[in-house]
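First the structure, in the form of structure tokens, and then the observations on it.
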């Protein structure tokens, strides 16, 4: 199982969340279908690591089948499997050894995957890539350094792909706890109680990309969010009043309902402000 994992840059420490999640899912990764598990009452770990809905974020995209891709923060590899099907060469990284082992087990039948255990900033890569992805992994105060290193590893015509929560996503005003702290309103206050996380508004993300030479940007808006999308809007196809009919769900902690989120989105769409309050972003950025 470890034949395609490079541990040279591994710190020796896995997070508690990674260890508990991987211990839950490892026995299931030998199966080809997790539908029964997901239908019979699912823990947050099962949903996050096994739900096929997560693949719909990216499996529509027409990747160049002869290209190479670097996935940063691959976790247990649910999106890695999509990339391996679509591209010639895939390199996946994660700082947690247990997630890398889960990824290797999940994708044991593919021959175009290499896995690095270790922090992205500490890994020495000896090649450039056509695509580099941060799917839920740009939530660190070191994001500027992450982007700088990623840009240095991109081929001249390469694309950076980012999926992340929106700091000002409507669900965070209406009663969904923040992803990482599980507290209400943490992100919109700048994480006063958390020093290890950050998030981006649409303007903040554009500024980060522009300052690193990635001025060609295409924004998409997954509904209800990038983790479990059921629909994808873009600047060329924004939702109208009536398009969003259900409030966002909180998968790992209980939410409150401070106001009618659906009615609020109707008004936001009428006033052409949806990109500001979309719950999350999917961005393709190029030089």
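What follows draws every value from the coordinates through simple rules; no lab data is involved. Computed from a prediction, not measured in an experiment: that's the story for all the values here. Positions of Cβ are generated from backbone atoms using ideal geometry, with glycine treated the same way; all protein chains shown enter the neighbour counts.
Dividing the convex hull volume of the alpha-carbon atoms in the stretch 232-287 by its residue count gives 114 Å³ per residue. Annotation for the stretch 208-226 versus the stretch 120-179: alpha-carbon center distance of 10 Å. When the inverse distances between all different Cα atoms of the chain are averaged and flipped, the Kirkwood radius reads 19.5 angstrom. Computed over the stretch 137-210, the alpha-carbon pair-distance distribution with 10 angstrom bins reads 18, 48, 24, 9, 0, each value a whole percent. Overall, the anisotropy analysis places the stretch 61-129 in the oblate class: the square-rooted eigenvalues a ≥ b ≥ c of its C-alpha gyration tensor yield a/c not less than 1.5, with a/b not exceeding b/c.
Exposure proxy for 59, 14: other Cβ atoms within 10 Å of each Cβ, ordered fewest to most, give 59, 14. Seen against the Cα atoms of the chain and their longest principal axis, helix 261-270 is set at about 80 degrees. Taking Cα atoms only, the orientation of helix 16-25 departs from the longest principal axis of the chain by about 80 degrees. For the chain, the longest principal axis of the C-alpha atoms and the axis of helix 202-211 are separated by about 40°. Note on residue 36 and residue 260: the extension gain reaches 77.3 nm, defined as 0.36 nm multiplied by sequence separation minus the Cα-Cα distance.
Let me make sure I get this right: for the stretch 92-148, a, b and c are the square roots of the gyration tensor eigenvalues over alpha carbons, sorted descending. Under 1.5 in a/c it's rounded, otherwise prolate if a/b > b/c, else oblate. Which is it? Prolate is the answer for the stretch 92-148, as a/c is 1.5 or above and a/b outweighs b/c. Sort the stretch 100-228 into rounded, prolate or oblate with this rule: let a ≥ b ≥ c be the square roots of the eigenvalues of the Cα gyration tensor; rounded if a/c is under 1.5, and if a/c is not under 1.5, prolate when a/b is larger than b/c, oblate otherwise. Since a/c reaches 1.5 and a/b is larger than b/c, the shape of the stretch 100-228 is classed as prolate.
Counting beta carbons within 10 Å around each of 93, 20 and listing the fewest first gives the order 20, 93. For residue 114 and residue 185 in the same chain, what is the full-extension length gain: residue separation times 0.36 nm, less their Cα-Cα distance, in nm? Gain on stretching residue 114 to residue 185: 21.7 nm. Fully extending the segment from residue 9 to residue 53 would add 12.7 nm, taking 0.36 nm per residue of separation and subtracting the current Cα-Cα distance.
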